[in-house]
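The values are calculated or read from the model by the stated rules, or taken from the named source; none is laboratory data. Computed from a predicted structure; not experimentally measured. All Cβ positions, even for glycine, are placed from backbone atoms using ideal geometry, and neighbour counts span all protein chains on display.
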Amino acid sequence: MPPANDSTTMDNPAPAKSPAMPTLKHSRSYVTLSDLPDLAAQSEAPASGVDMDTQSNGQQVTATLVHEDHHKESSAATDNPFRKVLPSNGRTEVVSLTAPAAGRFAYSSNTSASSGVDPAKQGRKGGKKRRVAWLSLAVVLIATLLRGRREASLLDLGAGKLEVSRATLGASLSSSSSWLWGSSGPADVPPQVDLESWNSTRFAAPLLTEWGEALSPGDVSSVEHHPRPQLQRPGEWVNLNGFWDFRVEDATHGAGVPSSRGFEGKILVPFAIESALSGVARDVSTEKQLVYRRHLELPESSLGGGKRHILHFGAVDWKAWVYINDELVGTHEGGFDPFHFDVTGHLRGGARNGGGKHELKVVAWDPTEDGPQPHGKQWRDKGSDRLIAPEGMWYTSVTGIWQTVWLEAVPEKFYIESVHLTPSIKSRSVRAKVETVAPGGGMPYVKMTAYDEHGIVGFGSGWSGDEVALKFNENHIPRLWSPDSPFLYNLTVSLHLSGRGEIVDQVESYFAMREVSLGRAGEAVQFHLNGEPLFQYGVLDQGWWPDGLYTPPSEDALAFDILKAKEFGFNLIRKHAKVESDRFYHLCDRLGMLVWQDMPSSTGIYMWSPDGAHDFVEGDKVPEAASGFLAELRGVMHSLYSHPSVVGWIPFNEGWGQFDTVDIFAWMQRYDPQRLVWVSGGNDFGIGAAFDRHVYPGPSFVRLEECRASVLGEFGGNGFAIPEHSWRSSADEGGAGGDNYDTFLDWGYAQVRTLKELEGHYQRQMTVLDGLVKQGLSAAIFTQLTDVESESNGLMTYDRKVMKLDPEVMKSFHGALYRSGSEAKQGLHEFGLHPSEGSKCPWEE
């Protein structure tokens, strides 16, 4: 978001006064869109829960009662501290005994029983810190009473009933069905002092979500939700989240090389060290590096022939060095894209103390704003003279591991590394690019089978080096994906030694039939979905959490934000200045939520103006920084390529770190021609799918163009802080959010004094917006879904406990927008559109 100025204010509110406290609309402690009864509560069986079939079986996503005991899930370091272009694949350097160079990613799935301990919930009154004292006897009693507890709800989304369970139990890695177990890892009950310290840090947080309050350390190591849901191998992965040893040390002696110092405590992975849920809540400066350690213990049977072992990291911010038994496995640069290493040789090459025990270390270093790498809205030094005012639009930095770490077993000779799926509605087919790894050489044969809830509906085959086409059966009419009907086909992809040979690898995936394009609705250029105009009205979502920062406290918390956006009546989320874990996009696929994906901004000169004064202007980047940005951009696009929910790419926002715009746009279009690409908010270069402007508070008219859609990429920012649900920096002062209230007055965003006034202001904005849609506007983004730290302009508070506007009222406002968006637009010459006679746009040829 830009810092606004007085000229962009909408209604010039009177000087601020402290408002009377409104009646608060509290959110649920679980995810729901309707007041359906809790099936678990109705069950007479003890320790039962409501569970969800995680496979996308067509339109039906079912909820079933399951007993907890029977619950199963179906389905070379360098001297240069900044990014260096490495000869293998550009960013991930592999130092492996027998492994090939690391590619992009691979997936898996598993079957495992749920188990763990749910500690007692602790209350917080008046925002005061509370010291939590845990006695051994109390823990045992609480664990006995609460073991097996679940809360759940049903969600009626039109596409079937979806249950999102709020399981508070983690996974046991020591079960006999697991091929790996960890010592000093998720399977262990941490020492009592660690739980006491972790709880003390957690409940000292400025704010906690309800999921953060309910979190048990064992939850993070659950195998209920696969970290790569579009490419799974059932029963072949283990979650390495949980308590790891950590220390913070001087990085100047040799970046990425861990010292021999002892470890200073425990950190709960995958939460960043700065977050309360990590159990540390501590800043790490640019001069320091963070060292993690845990131990792995593998049965000898898992190290024999037939399997290779791939170590996966969802995301580590920013640079990571990975060691096994003090041998460097490899390095990776990039805080937003996943990476992995084949560690088979390191695990087979001998273990410490024998018996299959191995020591895994990760060293992480993050310069945040001191480096040239993408870092989004993170800023460590709020006193820096380089900080773009106001301070309130920058948030706590995130260092180190912040997504799931997991280990996967894959076949020895051939295995599938990635599958890119491109649907074609016109040809009733799906094109697939299947990337395989063959350590022993050769090229396997690929077979693909598509299913709906009735059985097989399509098939395709071909050699792995070629593009493989999956064709639907002649009698099957493809079912299209949309926000109103998010239909997903199940997909099985298998490798064979020949066209009729035995299966050597098989993965489970899914896809959707949906196409995104530009088209016309009368005279106006519009965004089209599946060949029809669809007004895209979205909400800006920055993906921050008061207790976990970049990392949501649970899967249910992640789903909650998406569902609330849908309940508010939005059909789109703009994921702003951050890239989420694969689970987020999987949930958007299933729930029917469109996504515009930003590439997080890197450090650079801020050249932005709402009137386009900086159009056709961009900054320069040194080759090192430019290559790093492009490599991470490719990693992000590669990992999200097959998600049907992602419909647009935004490489630059408001000119932050913008460079080589024309070349980058052309490359993105070649790499992913199935999606639309444009820059958001300026600096515009006359290319891309949209002409995009940001106006605060707005909304305001956006220029119409002959061959590009007109987009209001950001507006709104209506500020109303609720002190007891505000971040500490915005609640220490009196009035409507303290210094946060003054910050927003300085920004020029609209301020209100009561929730009733907030509703009225939003209604007036919707009236103006509907008029703009009738004049040809194709899409708009409202800022924003939640408050974030000192920003109080969310529809929900930062802790997600208060809805500032009634979702049903908002949804009623939005209905007119969608109706106007579907209508043909005529007479647009009145608004500056003068199409050339007989000319055609490139996308019309």
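Tabulated data
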item	result
Failed item, numbered, when Gly392 is tested on (1) at pLDDT 95 or above; (2) outside any loop (DSSP other than H, G, I, E, B)	(1)
Those residues of the stretch 260-280 which are surrounded by 22 or more Cβ atoms within 10 Å (Cβ to Cβ), among the hydroxyl-bearing types (Ser, Thr, Tyr) and assigned to a loop (DSSP other than H, G, I, E, B), in sequence order	Ser275
Test: residue in the stretch 288-298 that is part of a loop (DSSP other than H, G, I, E, B) and not hydrophobic (A, V, I, L, M, F, W, C)	no
Any hit, the stretch 690-712, residues being modelled with pLDDT of 95 or more, farther than 30 Å from Pro835 by Cβ and not in a helix (DSSP H, G or I)	no
Residues being in a loop (DSSP other than H, G, I, E, B) and among the polar types (S, T, N, Q) - total across the stretch 493-509	1
Search result, residues across the stretch 613-658 that are among the basic types (Lys, Arg) and in a loop (DSSP other than H, G, I, E, B)	Lys621
Hits in the stretch 598-614 (condition: of a type in the set (Asp, Glu) and either farther than 23 Å from Pro372 by Cα or assigned by TED's automatic domain parsing to the domain that holds Pro372 (or both))	Asp611
Of residues in the stretch 510-540 being part of a strand (DSSP E or B), small (Gly, Ala, Ser) and crowded, with 21+ Cβ neighbours inside 10 Å, the one modelled with the highest pLDDT	Gly538
Single residue of the stretch 623-639 satisfying the filter (small (Gly, Ala, Ser) and touching a Gly at 6+ places or on another chain (Cβ under 7 Å)) that is nearest to Leu421 (Cα to Cα)	Gly635
Subset of the stretch 795-820 (residues that are acidic (Asp, Glu) and outside any loop (DSSP other than H, G, I, E, B))	Glu808
All positions within the stretch 794-845 that are at pLDDT 90 or above and of a type in the set (Phe, Trp, Tyr)	Tyr798, Phe813, Tyr818, Trp843
Subset of the stretch 447-466 [at pLDDT below 95 and of a type in the set (Asp, Glu)]	Asp466
Residue check for Glu791: modelled with pLDDT under 95, crowded, with 17+ Cβ neighbours inside 10 Å and of a type in the set (D, E, K, R)	yes
Flag for Val257 being of a type in the set (Val, Ile, Thr), within 24 Å of Val329 (Cβ to Cβ) and not in a loop (DSSP other than H, G, I, E, B)	no
Search result, residues across the stretch 677-689 that are farther than 15 Å from Phe659 by Cα and in a strand (DSSP E or B)	Val677
Candidate set from the stretch 189-215 (those that are surrounded by fewer than 18 Cβ atoms within 10 Å (Cβ to Cβ) and part of a loop (DSSP other than H, G, I, E, B)); member that is modelled with the lowest pLDDT	Val189
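Every residue, every condition in (1) buried (at least 18 other Cβ atoms within 10 Å of the Cβ); (2) outside the structural domain of Tyr641 (by TED's automatic domain parsing); (3) under 25 Å from Leu594 (Cα atoms), yes or no:
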site: Gly441; (1), (2), (3): no, yes, no
site: Tyr445; (1), (2), (3): yes, yes, no
site: Met448; (1), (2), (3): yes, yes, no
site: Glu453; (1), (2), (3): no, yes, yes
site: Gly462; (1), (2), (3): no, yes, no
site: Gly465; (1), (2), (3): no, yes, no
site: Lys471; (1), (2), (3): no, yes, no
site: Glu474; (1), (2), (3): no, yes, no
site: Phe487; (1), (2), (3): yes, yes, yes
